[in-house]
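Just below is one structure, and these are the notes that go with it.
What follows draws every value from the coordinates through simple rules; no lab data is involved. Worth saying up front: this structure is predicted, and the values here are computed from it rather than measured. Note that we place each Cβ from the backbone using ideal geometry, even for glycine, and neighbour counts take in every protein chain shown.
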């Protein structure tokens, strides 16, 4: 069990979010800058040779093409050599010689390509020489300027890393400092939790379980981006136990190098000295996938509200006229990562339960009003949740959120029940179109629903969401367990 007062005090002391340049954007920004610089210098080399030295002009399209190809090769080579890693970008390691050799390789590769394609006589040789030397100087000066500016921004706190909860033993955490964590791993520690020193036990102690539970609560409350573990890599059993406990979180779990591995990585024998960590658990959806789902939700919910606005108005009037009480029913639910939100529905019952004990709607339930029965049969009562989608609490497609009382009950009976919260809850989902809708009279019915939800999370794609949305339009016309 966790100490609620202890967790509350930790949460109160957490640093507030503020606008800063995300650490993960540093590499793409530098790549974009250097690529644009190379293309611009290539385009300018022809006119510079003509007006500066009176030489013959080159075709503008050709110089642009040469610049794009050179930029692509330079970026790929530089990325492979670690020039866009955090350490060289923030000045933790010298990389100017690698920039120079990468530029030489890119230029020679393009020259060879022009020769192979028999285009060597097309571009002006003078323009190519200007392009090489100006590119060489501009990339070195530009990289030096970028390192200086990024270093100043880093010291001023303008650069922010991934908000991370650090969990580990005292001996491993003491070897880490916030500056190196941000420079080498892009990690900004918002809270630290100490585990006991390894004792050789086959199970985590009660104290360690309590520490992990507090770390989970704090990471949820602070909306942490990831959990970082600082423990010995040799203790495989402990790592497996920690990983299993942290699987309830839908965020990255990262294993940082321990003292032994860290000392090896800093050895000159490893050359690049890149900081390495192991991703023990990835987020259910990548950044691109989350963006796809977000756009799908916002566009779909906006269109839905526009199309169904007359129906929403008529339903609201019918609910208000039939029985006293509010038009909308509000109830607390657990959403993504266990975050609480208020779900919206058209009121379909005479009661508005929202407490530790909630009775599910049953067949011929006398609590359901006449209008409510129609709304529930046609799923019109769920339409106000389009507002939940626009508020960011729900998705159009995802595991259906249950009442908090039901979550607490079934999580103790069904393994991996909490994994349903690894994505946002949905208005409809894979379980609903597979006849897992309505009352769950026994645990086995809920277990079947959970299995469908977990399959959806593991196999998500934007095409799957479109398929579920299409099938839902026809499924609601059938008598499928909603009453």
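Between residue 233 and residue 455, the modelled labels are 3.9 nm apart [label points 7 Å from Cα along Cα→Cβ]. Going by neighbour counts of Cβ atoms within 10 Å, the residues 98, 332, 155 line up, fewest first, as 155, 332, 98.
Summarised in one figure, the compactness ratio Rg/Rh of region 23-155, Cα atoms and Kirkwood Rh, is 1.02. Put in line by how crowded their Cβ is, counting other Cβ atoms within 10 Å and starting with the fewest, 455, 103, 460, 233 read 455, 233, 460, 103. Cα-based values for region 118-174, radius of gyration first and Dmax second, are 22.3, 66 Å. Ordering 234, 422 from the fewest to the most neighbouring beta carbons within 10 Å gives 234, 422.
What the Cβ-Cβ distance of residue 443 and residue 21 gives, at R0 = 30 Å and to the nearest 0.05, is a FRET efficiency of 0.05. Hey, how much of the P(r) for region 371-465 falls beyond 17 Å, as a percent of Cα pairs? Looking at region 371-465, the distances longer than 17 Å represent 52 percent of pairs.
If R0 is taken as 41 Å, the Cβ-Cβ distance between residue 350 and residue 305 corresponds to a FRET efficiency of 0.90. Length available on full extension from residue 223 to residue 259: 0.36 nm per residue minus the Cα-Cα distance, which gives 10.1 nm. Maximal additional length on extending the residue 115-residue 96 stretch stands at 3.9 nm, based on 0.36 nm per residue less the C-alpha distance. Dimensions of region 103-256 based on its C-alpha atoms, expressed as ranges along the principal axes with the largest first, amount to 76, 37, 27 Å.
Between residue 289 and residue 209, the simple spin-label model (points 7 angstrom out along Cα→Cβ) gives 3.1 nm. Principal axis extents of the Cα atoms in region 287-475, from largest to smallest and rounded to whole angstrom, are 45, 39, 29. Extension gain, residue 387 to residue 133: 0.36 nm times the residue separation minus the Cα-Cα distance gives 85.7 nm.
Extending 7 Å from the Cα toward the beta-carbon at both residue 279 and residue 105 defines two label points whose distance is 2.4 nm.
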